[in-house]
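Here is the structure we will look at, set down as structure tokens.
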Amino acid sequence: MSLSITVSNDAAADGDARSVVLVSGEVDVSNADELRAALDGCLEGGATSLVADISEVPYIDSTGIGVLVGVAHRAAEKGARFEVARPQRNVARVLGLLGVGADLNIREA
């Protein structure tokens, strides 16, 4: 299954620059760099709020999870909020087992 990434940007009334990255497909070592580039591009573009919507990701390997954690740390360094939204049950379970939920600010809805 190929990876598809769609980025949308908007400005909130409070001045926040918000980016939402919708990810579809399996995230693994073969395409994790694409995800990293999209998320880092949002941070470099000045996003103060960044959401990775992974509701259409049925599988993510350790490389993909490492990308998410790395982006979370880079966002924190820039004073931006990063959250992972709507993980499928099996993906949420893996993230929970690895104990990265706090870093990723996982949001179910």
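Any chance you could count how many residues in the stretch 63-90 are in a strand (DSSP E or B) and touching a helix residue (DSSP H, G or I) at 6+ places or on another chain (Cβ under 8 Å)? Give the derivation first.
Start the filter on the stretch 63-90 by keeping residues that are in a strand (DSSP E or B), which leaves 81-85.
Filter once more, keeping what is touching a helix residue (DSSP H, G or I) at 6+ places or on another chain (Cβ under 8 Å): 81-84.
Qualifying residue count for the region: 4.
In the stretch 91-102, which residues are in a helix (DSSP H, G or I), within 13 Å of the chain's Cα centre (by Cα) and more than 18 Å from residue 24 (Cα to Cα)?
Answer for the stretch 91-102, where residues must be in a helix (DSSP H, G or I), within 13 Å of the chain's Cα centre (by Cα) and more than 18 Å from residue 24 (Cα to Cα): just 101.
Give 50, 22 a once-over and let me know the one that is modelled with pLDDT of 95 or more, part of a strand (DSSP E or B) and touching a Phe, Trp or Tyr at 6+ places or on another chain (Cβ under 7 Å).
Of 50, 22, the one residue that is modelled with pLDDT of 95 or more, part of a strand (DSSP E or B) and touching a Phe, Trp or Tyr at 6+ places or on another chain (Cβ under 7 Å) is 50.
Just to check your reading of the model, which residue among 50, 43 is buried (at least 21 other Cβ atoms within 10 Å of the Cβ), in contact (Cβ under 8 Å) with a residue 12 or more places away in the chain and in contact with a helix residue (DSSP H, G or I) (Cβ under 9 Å, 6 or more places away or on another chain)?
The match here is 50.
If you scan the stretch 30-40, which residues turn out to be part of a helix (DSSP H, G or I) and out of contact with any helix residue (DSSP H, G or I) (no Cβ under 6 Å at 6 or more places or on another chain)?
33, 34, 37, 38, 40
Please work out if residue 5 is aliphatic (A, V, I, L, M), at pLDDT 95 or above and within 16 Å of residue 95 (Cα to Cα).
no
The values are calculated or read from the model by the stated rules, or taken from the named source; none is laboratory data. Because the structure is a prediction, the values reported are computed rather than measured. Neighbour counts run over all protein chains shown; Cβ positions are idealised from the backbone, glycine included.
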